[in-house]
1. Would you please give the FRET efficiency between Val343 and Asp314, computed as 1/(1 + (r/R0)^6) with r the Cβ-Cβ distance and R0 = 51 Å, to the nearest 0.05?
2. Name the long-range amide H neighbours of Val34: under 5 Å, sequence gap of 5 or more, or other chain; modelled H, no Pro or chain starts.
3. Fully extended, how many nm does the chain gain between Glu103 and Thr145 (0.36 nm per residue separation, minus their Cα-Cα distance)?
4. Over the chain, what is the mean sequence separation of C-alpha contacts under 8 Å (at least six apart), divided by residue count, expressed as relative contact order in percent?
5. If you filter the stretch 28-116 for chymotrypsin sites (Phe, Trp or Tyr not before Pro), then keep DSSP loop positions with at most 15 other Cβ within 10 Å, what is left?
6. Would you be so kind as to identify which of Thr82, Ser108, Phe127 lies farthest towards the positive end of the dipole of the stretch 78-129, taking Lys and Arg as +1 and Asp and Glu as -1 on Cβ and the Cα centre as origin?
7. With charges only on Cβ, +1 for K and R and -1 for D and E, what is the dipole size of the stretch 171-271 about its Cα centre, in debye, rounded to 20?
8. Shape call for the stretch 224-347 from the C-alpha gyration tensor, a ≥ b ≥ c root eigenvalues: rounded (a/c under 1.5), prolate (a/b greater than b/c) or oblate?
Amino acid sequence: MAIGWGVIGCGGIADRRTIPEGIMPAAGAELVAVQDVVQDRLGEVAEKYGARPYDTVEELLADEAVEAVYIATPTNVHHEHTVAAARAGKHVLCEKPLALTTEECEASIAACAEAGVKFGTNFMMRFHACHVRIKEMLEAGELGTPVLGRAELTCWYPPMEGAFRQSQALGGGGALIDMGNHCIDLLEFFFGRTVRVAAFTGNLVQQYETEDTSAVLLEFANGAKGMVDNLFNVPDAAARNALEVYGSKGSLVTHGTIGQDSGGAISAIVEREDREYDAAQVRDVETPEEIIEPEVVNMYEAAIHGFCDAIENDTEPPVPAEDGLWSHRVIEACYESARTGKVVAVG
């Protein structure tokens, strides 16, 4: 029996990716209802996907066919919508960040626990086939000792009327909290949790309340280091969206796997034998580049399918809300570091 899904906030990423690539094709999922405050958008999306349109969240949550909700509204109402869904007995998959503050994240988790419903965070990039392969290679020791990772996510995001990511009150921040949390979560997916951060933010091009520039240095519990850079001020065509993972035996590099697409490949250079020090530091062909192209897995479909499985089997969601809470703690430490100019411990 398919899980009936309702979508709260059906524009943006919901209409562009999560509904058509996630809910519609996922085994065990059925789109039942959609809700949005913009009437024209609501009607268009409902007609496109054959879902019942609701003007209010309360009306959607009263639909008995809705068993789980995907929340893709502005950040400032994530907590409100999560709590309402939990009290209505609906399972919740929420876009990141889970809320504006750590305290709201904790309250959302408590509400879902009290109601006995599943609560997951939509860090869909963990399901990307290239990222899964990188994690497998690291866990198998193919890269030797992990030493450093870099994750970049960049786009052109000019001032726009009503854009919640450009409002501190609505989005909680700019490039860092919107894109940096994906990048940091991905590096933690590979290396484990962050223990301390040093961050820099600013506005170099776009003059709105939130930052258009963010650069973060991280130290992970295993000793590896990380670098995350996020920009709202570089043309889309120029963005490389690079992912780089280095270890004592080699490197794994992708371009474009960080972002909204599920395709891509890994450029791998891995030494299978130990070498002595080479003062000339020659980059020769003795260790040739290998292109690894895992079978494409649509990460939106995988995320929805995994959440449906958790409901059906009464198991923990593949990306539990506690990971979203942890992400928020790391992001808040980054903002504190940027504000104070100090290295900040996370915990």
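1. Numbers: r = 42 Å, r/R0 = 0.82.
Step by step, r from the Cβ atoms, then E = 0.75.
2. It is Val7, Arg52, Tyr54, by chain and number.
3. Here the segment from Glu103 to Thr145 would lengthen by 11.5 nm.
4. 19 percent
5. Hits after loop and neighbour filter: nothing returned.
6. Farthest towards the positive end: Phe127.
7. With Lys and Arg at +1 and Asp and Glu at -1, about 360 debye.
8. On the way: a/c = 1.81, a/b = 1.30, b/c = 1.39.
Here the stretch 224-347 falls in the oblate category.
Since every read-out is calculated from the coordinates, none of them should be taken as a lab result. What you see is a predicted model, and the numbers here were worked out from it, not measured in a lab. For neighbour counting, all protein chains shown are included, and Cβ atoms are generated from backbone atoms with ideal geometry for every residue, glycine included.
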